[in-house]
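One structure below.
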Amino acid sequence: MVSQAHSTEIATQTRAIVDSLKWLEGPLLPILHEIQEEFGYVPQESLPVIADALNLSNAEVHGVVTFYHDYRREPAGRHVLKLCQAEACQSMGSEKVADKIKRLLGIGFHETSLDGSVTLEPVYCLGLCACAPAAMLDGEVIGRVDDEAIDEIVAEVRR
Amino acid sequence: MTVKIYIPKDAAALALGAEKVAKAVAAEIAARGLDAQIVRNGTRGMIWLEPLVEVETADGRVGYGPVKAADVPSLFDANFLSGGAHPKALGKVEELPFFAKQTRLTFARCGVIDPLSLDDYRAYGGLRGLEKAVATTPAQIVQTVTDSGLRGRGGAGFPTGIKWKTVHDAVADRKYIVCNADEGDSATFADRMIMEGDPFVLIEGMAIAGIATGATKGFVYIRSEYPHAIATMTRAVEIARRAGILGTTVLGSPNAFDIEIRSGAGAYVCGEETSLLNSLEGKRGVVRAKPPLPAIQGLFGKPTVINNVISLASVPVIMDRGSEFYRDFGMGRSRGTIPVQLAGNVRNGGLFEVAFGITLGELVNEIGGGTASGRPVKAVQVGGPLGAYFPVSLFDTPFDYEAFAGKDGLIGHAGITVFDDTADMLKQARFAMEFCAIESCGKCTPCRIGSTRGVETLDKVAAGIEPQKNLELVADLCNTMKFGSLCALGGFTPYPVMSALTHFPEDFAPRTVAEAAE
Ligand code: FES
């Protein structure tokens, strides 16, 4: 029954977010961003509430959520580590950096470690291409990721 | 007198430790009881010198960099507040060759001022363009922008004035200005840099566009990978509203114009203007077929100007100094300046604003100083993931839309990624196909299926399976994608693939043979 209470709570909170933003022109993405900010992901339970309030079909909302890479369908780990894998970072060894981090954390891209401490994701350019390879840990940017930086990152997510 | 110390807050500077440096400097000021103030500026664009700390001295601004937090006590010991000597001292920042050789029109204030100080903005010439715009007619503004020769800095190079004129002439109850700040191309960071370093210039450019076309609402669609830019732009819009630059009367004129900042959601294809419009409307970011042009039926079906950040940010200086002033820079049909971004394996990485016409070789070797690794340059990719790879033998190509097209390349957002001789061009070609497959919006078959087939086929080439036949198949796929795709994602992916194949055939030779030859 806990889960049902939880679903109701998600629906209530979703309703509040939708009500605060639905006056925007084209409100769906801002609403989804806010929901992800609130819950850490976009819960399935939120979708019918949004669809109802915006006069859309469930399928339309679902289609939008799944189209964008940013929206998570399940919670991420406590930390989210994004490693840039685009060309400028490739030219500075981003692939090796990723291999090393994957090995140290024991996970691959799009995976969360078993203890729930970290989710690892590739990202295609952070605009830090003149100080490549680049990474982002919980929204903090890191440039010229070298062995020392890798050790710091790994220590940080294990903390 | 209070000494001003500038420590950048640009994301690249932060990525290199600027926050720690700022904390250390603040601690030293307090501990030593000094009369000094820290200003968090944008970056000058010399990223290899970041964090670049500047001190305002009687003699001008002198720089120290790259500064680590551990350097800070010694800087104070060396009396850097008066420009004292120190191993990290660089001298006057504006006399550094990388900076002195530039023509900073669009980026004139970036890295110089406090990005969120309107007083600074005005003191360095800000708002003069908008003041002129409110004092003249919309048609005259459109004419000035047309005469300046400004072309879309977002890649396609379409004349900005013509877009504006179409929207100006369209009759509708509502029109929009949409700024495409979905800067997703690798090697590009000019948009991010100006939004973080001089946000008011973009706001001013959009307000001018609004007045010129009769649009009353603007959106800045910023990719979610740029949280710092989103935060700075959001604050700048609030400040501009309070100062009467945005709102029901722009600078007290009868024109109304307001701006909303929107965050993308991690879809590269939304950099394409019609998918960006769909995304703003709250839909899947799929590409729309053109016509209708966005200028006629754009956001919510209304006439819409959709311009790139740098195009809009270049408008204030054009309005202020006049179309001729701007047009006098450049070559051929490429007028004015372009912010070139040097990225990847390059010694002096950063942003270099320069008139069109400079050669690729000058940019990479002289300005960029060659590779960061010290090894020979093998290839440079110009224009992001959809741009061509150029070999050193084409380094005499001048930076000019037509000259690049003539060499089967494109300028795109003017990002240059440098690769040294360890690069494997087959791998780079494969990545281009893979990236297209990951990011395809799925609407058209050549892009969606072609890219996936491209990856498989290049894998066969790498494995030495019927290489000749499979390379022909790759060329064939590229042809289909180029002519059959709805937008640039599928349409331009052939550029990196075919250029890699054309200029570096040795990397596509069967692996065993290549290895045996080494
Ligand atoms: S390519 Fe990695 S930050 Fe731009």
Any idea which of A:W23, A:A98, A:A130 is furthest toward the positive side of the dipole for region A:1-147, if Lys and Arg beta-carbons carry +1 and Asp and Glu beta-carbons -1? A:A98
What is the percent carbon and sulfur in the accessible area of the protein assembly as shown, measuring with a 1.4 Å probe over the protein chains and ignoring ligands? 53
Alpha carbons only, please: Rg and Dmax for region A:4-67, in angstrom. 10.6, 33
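May I ask you to give the average projected area over all directions of the convex hull of the Cα atoms of region A:79-158, in nm² rounded to one decimal?
Details: hull surface 17.3 nm².
For region A:79-158, averaging the hull's shadow over all directions gives 4.3 nm².
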Extend 7 Å from the Cα of A:R158 along its Cα-to-C-beta direction; within region A:72-111, residues with backbone N under 14 Å of that point are A:101-107
Total accessible area lost when B and A pair, probe 1.4 Å, Å² to nearest 100: 3600
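How much FRET efficiency would the formula 1/(1 + (r/R0)^6) give for A:K100 and B:Q37, where r is the Cβ-Cβ distance and R0 is 41 Å, rounded to 0.05?
Working: r = 42 Å, r/R0 = 1.02.
The value I calculate is 0.45.
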Per-residue ellipticity at 222 nm for chain B, helices alone: DSSP H runs ≥ 4 residues times -39500 (n - 2.57), over residue total, nearest 500 deg cm²/dmol? -11500 deg cm²/dmol
Need the list of aspartates and glutamates near B:K469 for cross-linking: C-alpha distance under 19 angstrom, and skip anything on the same chain fewer than eight residues off. B:E456, B:D459, B:E506, B:D507
In whole Å, largest first, what are the principal axis extents of the Cα atoms in chain B? 75, 61, 39
Per residue in region A:101-136, which ones lose no less than 10 Å² of accessible surface when going from chain alone to all protein chains (1.4 Å probe)? A:V123, A:Y124, A:C125, A:L126, A:G127, A:L128, A:C129, A:A130, A:C131, A:M136
By the Cα gyration tensor axes a ≥ b ≥ c (a/c under 1.5 gives rounded; else a/b larger than b/c gives prolate, otherwise oblate), the shape of region B:137-184 is oblate
Mind putting together the pair-distance distribution for region B:317-384? All Cα pairs, 10 Å bins, whole percent per bin, short to long. 20, 43, 24, 11, 2
Could I have the simple spin-label model distance between B:K290 and A:A5, label points 7 Å from Cα toward Cβ, reported in nm to one decimal? 5.6
Quick one: divide the alpha-carbon radius of gyration of region B:1-144 by 2.2 N^0.38 Å and tell me what you get. 1.19
Residue-averaged beta-carbon neighbours from other chains (10 angstrom radius) around A:18-27: 3
Separation in nanometres of the label points that stand 7 Å from Cα toward Cβ, at B:S74 and A:R78: 3.7
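Could you tally the net charge around B:K443, taking each other residue with its Cβ under 10 Å from the Cβ of B:K443, Lys/Arg +1 and Asp/Glu -1? Display every interim value, and only then the final one.
Working: positive: B:R284, B:R288, B:R448; negative: none.
Result for the neighbourhood of B:K443: +3.
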Provide the FRET efficiency to the nearest 0.05 for the A:Q44-B:F300 pair, computing r from the beta carbons and using R0 = 35 Å. 0.75
Taking only the alpha-carbon positions of chain A and ignoring solvent, what does the Debye formula give for the base-10 log of I(q)/I(0) at q = 0.15, 0.18 Å⁻¹? -0.85, -1.02
In the structure displayed, which of B:K217/B:K283; B:K427/B:K482; B:K9/B:K92; B:K132/B:K302 lie more than 25 Å apart, Cα to Cα? B:K132/B:K302
Distance between Cα centroids, region B:105-130 to region A:26-96: provide it in whole Å. 36
To the nearest 20 debye, what is the magnitude of the charge dipole of the protein assembly as shown about its Cα centre, counting +1 on the Cβ of each Lys and Arg and -1 on the Cβ of each Asp and Glu? 1180
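What is the protein assembly as shown by shape, rounded, prolate or oblate, if you read a ≥ b ≥ c off the alpha carbon gyration tensor as root eigenvalues and call it rounded for a/c under 1.5, prolate for a/b larger than b/c, and oblate otherwise?
Details: a/c = 1.16, a/b = 1.05, b/c = 1.10.
Verdict is rounded for the protein assembly as shown.
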Can you bin every Cα-Cα distance in region B:242-330 into 5 Å intervals starting at zero and give me the percent of pairs per bin, rounded to whole numbers? 3, 11, 15, 18, 17, 15, 14, 6, 0
Roughly how many debye, to the nearest 20, is the charge dipole of region A:89-152 about its Cα centre, given +1 on each Lys and Arg Cβ, -1 on each Asp and Glu Cβ, and no other charges? 240
For residues of B:186-192, the mean tally of beta carbons on other chains within 10 Å: 6
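The values are calculated or read from the model by the stated rules, or taken from the named source; none is laboratory data. Treat the numbers as computed from the prediction; the structure is a model and nothing was measured. Counting neighbours? That spans all protein chains shown, and the Cβs are built from the backbone with ideal geometry, glycine included. Protein only, heavy atoms only, side chains kept; ligands, DNA and RNA dropped before computing areas. Shrake-Rupley method; radii C 1.70, N 1.55, O 1.52, S 1.80 Å.
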